[in-house]
């Protein structure tokens, strides 16, 4: 059974002070996780007073289903469901590339904040998975906030973009302000295995969620697209349910034309508002068949809401409500 | 005002960064991590050199390998880093045995920046 190889990224007192330095070390010293029979945890911890400004390149490792790279934030370093400059964040300018570029096959990215400040006219991307046409993959992207804050006339500016025929699950992410697409898969082949669950995609000038069409298996459940140029363009989807669109493009007709009430969308806080009637308790229960049971904040899902947030009423002052934040430990056993 | 994290130790993995590669660039006063030191890395402090001037040294070496269906360029990573300090310079620093090197003389700072090698595909 694979054992843990752990490195920490912290603003002080950890092994490394940037995520890419930790990966540089892995690639140099522990590149073949399979032969070493280890899975590599990169734990991001601590209170951050400034952004990590170095582009992250995940390339040069040997991984498999049980010997994978697992990048996650602890509760201390993690956002609380809206952009937090005191939590870990990757903020830098990249054109025709991602702030995070991943060419590896078995990678998990949990709980990061990613902002590409580069020009939207020049292909700025947030998380860019380019494993090639390879079904022997297991990419998991969850609990992240991804935005593109650059300017310019949009051209290939996609917040989360991934390549054809990949086996990928994307859940509980908040994605906003992409120049073109929020979450994008171009044309895909016969072996793609794509699952999108409970993502909130807002304010993307092009298309919120875009699938170009093809074979393979594509599942869409509980996604919330509002305020995008077009909320969905999704071809050849195999299974879908309870995906909200503000326009008439949701693949689920009963969930078209629904404007969700957010906590404070003007301030980019896309938690569900207490008065919402579109997403609250309206989702499909457990769409991932046990893949996850919480939301972007770590709150346990009960009657499933649509989107990344599960609404939890404010507790009266003085009462204690524990928050479950260790999804990264939970996910390891999936 | 800038500081560099530079690879000091060679790796056998061809995908890894090479000795002299500039891995991270940060403004002056950055607090580095416990593993960001010899034998694997050197911290080189270059006071008065503008961070904005040298942050490009973090770039990877990429090559355009095609275009997508919309005509946009597709780039492939060829090397983790595009810029490196000459090997002889790094070896001299390593010989000193200190994980942190401060380039205090103005002329030396200028010479270091000018000596940085830009790799090509």
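The values are calculated or read from the model by the stated rules, or taken from the named source; none is laboratory data. Quick caveat, the model's predicted, so the values are computed rather than measured. As a convention, Cβ positions derive from the backbone with ideal geometry for all residues, glycine included, and neighbour counts pool all protein chains shown.
Considered as a group, the residues in region B:60-73 that are without any contact (Cβ under 8 Å) to a residue 12 or more places away in the chain and at the interface with chain A (Cβ under 8 Å from one of its Cβ atoms) include one that is nearest to the chain's Cα centre (by Cα), and that residue is B:73. Give the residue that is modelled with the lowest pLDDT, with candidates limited to residues of region A:12-25 that are facing chain B (nearest Cβ under 7 Å) and out of contact with any strand residue (DSSP E or B) (no Cβ under 6 Å at 6 or more places or on another chain). Out of the qualifying residues, it is A:12. Among the criteria (1) within 11 Å of chain A (Cβ to nearest Cβ); (2) within 25 Å of residue A:14 (Cβ to Cβ); (3) out of contact with any helix residue (DSSP H, G or I) (no Cβ under 9 Å at 6 or more places or on another chain), the one residue B:14 does not fulfil is (2). Just one residue in the set B:81, B:26 is crowded, with 21+ Cβ neighbours inside 10 Å, facing chain A (nearest Cβ under 9 Å) and part of a loop (DSSP other than H, G, I, E, B); that residue is B:81. Of the residues A:317, A:267, A:279, A:254, which single one is over 30 Å from residue A:44 (Cβ atoms) and modelled with pLDDT of 95 or more? Sole residue among the options that is over 30 Å from residue A:44 (Cβ atoms) and modelled with pLDDT of 95 or more: A:254. Within region B:42-59, none of the residues are surrounded by 15 or more Cβ atoms within 10 Å (Cβ to Cβ), assigned to a strand (DSSP E or B) and at the interface with chain A (Cβ under 10 Å from one of its Cβ atoms). Among the residues making up region A:141-176, those that are in contact (Cβ under 8 Å) with a residue 60 or more places away in the chain, touching a helix residue (DSSP H, G or I) at 6+ places or on another chain (Cβ under 9 Å) and in a loop (DSSP other than H, G, I, E, B) are A:143, A:156, A:172. Of the numbered criteria (1) within 14 Å of chain B (Cβ to nearest Cβ); (2) not in a loop (DSSP other than H, G, I, E, B), the one residue A:72 fails is (1).
For residue A:115, are the conditions met, namely being surrounded by fewer than 22 Cβ atoms within 10 Å (Cβ to Cβ), modelled with pLDDT of 95 or more, in contact with a strand residue (DSSP E or B) (Cβ under 7 Å, 6 or more places away or on another chain) and not in a loop (DSSP other than H, G, I, E, B)? Quick ask: steps written out before the conclusion?
On the way: surrounded by fewer than 22 Cβ atoms within 10 Å (Cβ to Cβ): no; modelled with pLDDT of 95 or more: yes; in contact with a strand residue (DSSP E or B) (Cβ under 7 Å, 6 or more places away or on another chain): yes; not in a loop (DSSP other than H, G, I, E, B): yes.
No.
One residue stands out among those in region B:29-41 that are more than 9 Å from chain A (Cβ to nearest Cβ) and farther than 20 Å from residue B:106 by Cα: the one that is surrounded by the fewest Cβ atoms within 10 Å (Cβ to Cβ), which is B:39. Scanning region A:26-59 for residues that are farther than 18 Å from residue B:13 by Cα, part of a loop (DSSP other than H, G, I, E, B) and facing chain B (nearest Cβ under 10 Å) returns A:50, A:53, A:54, A:55.
Scanning region A:75-107 for residues that are touching a helix residue (DSSP H, G or I) at 6+ places or on another chain (Cβ under 9 Å), in a loop (DSSP other than H, G, I, E, B) and over 24 Å from residue A:200 (Cβ atoms) returns A:95, A:96.
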